[in-house]
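The values are calculated or read from the model by the stated rules, or taken from the named source; none is laboratory data. It should be emphasised that the depicted structure is a prediction, and the values quoted were computed from it without experimental measurement. Neighbour counts are summed over all protein chains in view; Cβ atoms, including those assigned to glycine, are modelled from backbone coordinates with ideal geometry.
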Amino acid sequence: MKTTDEYRASLRDGRVVYYDGQRVPDVTAHPALRVAVDHAALDYAMAADPRFRALAVVPHPAGGEMSRYFAFPQTAEDLLARMELIETSTRLGGTVVPLLKEIGTDALFALHLVAHEADRARGTRYLDRVRAYHAHCRDRDLAMAVAQTDVKGDRGAGPADQAHPDYYLRVVEERDDGIVVRGAKMHTSVSMNANELIVLPTRAMGERDRAYAVAFAVPVATRGLTLVVSPYGDHAASSFDHPLSSRHRMTESLTVFDDVFVPRDRVFLQGEWEYAGPLARTFVEFHRFTAVSYKLPLVDLLVGAARLIAEYNGIERAGHVRDKITWLAAYAGTLRALTRMAALDCARGALGIAVPDPGTVNIAKLHFATQFHQAVAYVQEIAGGLLVTAPGEADWQQPATRPLLERYLGGKGVDAEARLRLLNLISDVTTSQLGGYHAVLAIHAEGSIEAEKLTIYRTAPMDRYVALAKELAGIAR
Ligand SMILES: Cc1cc2nc3c(=O)[nH]c(=O)nc-3n(C[C@H](O)[C@H](O)[C@H](O)COP(=O)(O)OP(=O)(O)OC[C@H]3O[C@@H](n4cnc5c(N)ncnc54)[C@H](O)[C@@H]3O)c2cc1C
């Protein structure tokens, strides 16, 4: 398995990354991007840390060890262990998931299932390629990003009906030894600091979309691949003012494929348009389970911070405050219960892979996403306006102003420093760029709220509900 230094060295490979208008020669040395690299390196650090080894590392089928992420979940217990690993790494990551293997293995599990199905129904030979690629990533302990979301142009039109043929990524040339692809994906998390990029279709497609029904993987340092990384989140230098975002960050890119050649053995879907939808959906079902697992530290933090600041502000006994903290505890508890239930109610799919229950996963994700802004509002209401008006670290270090801060900004039974540190933590996670990032992530990442509702409607046991209504109404048929 890789060390953190080997991971960093693996990113110095000539990849084409632009940030803030500049080409970045080495992402591990760039002052802003290095924060994201160091944050993500947590994945490798955990595997080497005796406190987390039992959780992060499992036996390799051929002997030796491998990251747990690459192990196929086969039982509810395996899914619960995966959930605990994701939750633990995100807690250590200050509410930001490392994501170096979580999302990539979600894609690999989905690729196994859909390749198996396509091979069976269509006589294709994708599963052997997927298996070989899985072994390639597992045995080199590689970090993987997943580029699924296309730029999409007109959301009301499918790939073949867009004004611009490249609003969805497509195959522009077929060669004996592989394919050439063109297009752009967006919002691609951890692409600038992963080794591999797994590309999946965004949506269900029709026969006319054949050229767009494509899935494959390439190393990030592939000719023709350009990453334009978003600067969002690049503001937090002081660990006093920004205790989380000064050390923890994930970046997204506009990921451009300018006639990228993909060798045949790395193509996992090419033209079988009927499987674009199932692949997109199967990936998302695994990924939403991953997502609700990495939301847990964030919602737990909101409850804990609200309770503590209520105490520091001397309002913990007030009825409306208890009411809001109770609501927050129920919000966090419901999310945890639903996440566990999605694992416990898993179905054993093809190839023995345990699939978290899609209905419950989507209910968990919908619960998290639709209540998150209310949760933030309650925490902010209890904390007070100092979240955005408090003096900063420089004033804390300044001999002329520090005594003033110490004298005036204490709370009930607490000194000014502890109270400011807690306020800064709440501010960082709810009002800073990290707070804004969490707010948008809650609504859009891992699929939109409406996509979650579609799955809930599709998977709900309506027959059972309707049968009960008929039975109690005395309707015979
Ligand atoms: C922080 C972050 C990280 C992400 N990481 C990744 C990643 O690593 N890999 C990846 O592939 N993707 C990633 N995503 C993308 C994420 O899955 C998308 O944001 C999500 O699918 C929504 O797509 P969109 O942002 O293009 O919004 P849009 O699709 O433009 O949605 C905007 C609104 O339009 C509505 N809408 C869209 N289409 C229709 C339609 N046909 N009919 C009616 N309403 C419609 C939506 O419901 C929504 O309300 C990430 C997103 C974020 C914010």
Scanning the range 149-182 for residues that are on the phi > 0 side of the Ramachandran plot and in contact (Cβ under 8 Å) with a residue 40 or more places away in the chain gives Lys152, Gly178
Restricting the search to the range 231-281, which residues are surrounded by fewer than 17 Cβ atoms within 10 Å (Cβ to Cβ), more than 12 Å from Val35 (Cβ to Cβ) and hydroxyl-bearing (Ser, Thr, Tyr)? Tyr232, Ser238
Quick one: how many residues across the range 184-217 are part of a loop (DSSP other than H, G, I, E, B), within 10 Å of the ligand (Cβ to nearest atom) and surrounded by fewer than 24 Cβ atoms within 10 Å (Cβ to Cβ)? 2
Enumeration of residues in the range 92-121 that are charged (D, E, K, R), within 25 Å of Ala147 (Cα to Cα) and away from the ligand (no atom under 16 Å from the Cβ): Glu117, Asp119
Given the options Thr105, Thr88, name the one that is over 23 Å from Phe283 (Cβ atoms) and touching a residue at least 24 places away in the same chain (Cβ under 8 Å). Thr88
When residues of the range 141-183 are limited to those that are in contact with a Ser or Thr (Cβ under 6 Å, 6 or more places away or on another chain) and assigned to a strand (DSSP E or B), the one farthest from the ligand (Cβ to nearest atom): Asp150
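If you go through the range 452-477 one residue at a time, how many are exposed (fewer than 13 other Cβ atoms within 10 Å of the Cβ) and in a helix (DSSP H, G or I)?
14
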Only residues that are surrounded by 18 or more Cβ atoms within 10 Å (Cβ to Cβ) and more than 23 Å from Pro356 (Cβ to Cβ): list them for the range 46-86, please. Ala47
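Name every residue in the range 110-134 that is surrounded by 14 or more Cβ atoms within 10 Å (Cβ to Cβ) and without any contact (Cβ under 8 Å) to a residue 24 or more places away in the chain, in order of residue number. Before you say what the answer is, go through the steps one by one.
Here is the first cut: in the range 110-134, the residues surrounded by 14 or more Cβ atoms within 10 Å (Cβ to Cβ) are 110-119, 124, 126-127, 129-131, 133-134.
Those that are surrounded by 14 or more Cβ atoms within 10 Å (Cβ to Cβ) and without any contact (Cβ under 8 Å) to a residue 24 or more places away in the chain: Asp119, Leu127, Arg131.
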Taking the range 437-460, which residues are more than 18 Å from Leu99 (Cα to Cα) and free of Cβ contacts under 8 Å to residues at least 60 places away in the same chain? Ser448, Glu450, Leu454, Tyr457, Arg458
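Between Ala451, Ala460, which is assigned by TED's automatic domain parsing to the domain that holds Thr290 and away from the ligand (no atom under 16 Å from the Cβ)?
Details: Ala451 fails: away from the ligand (no atom under 16 Å from the Cβ).
Being assigned by TED's automatic domain parsing to the domain that holds Thr290 and away from the ligand (no atom under 16 Å from the Cβ) holds for just one of Ala451, Ala460, which is Ala460.
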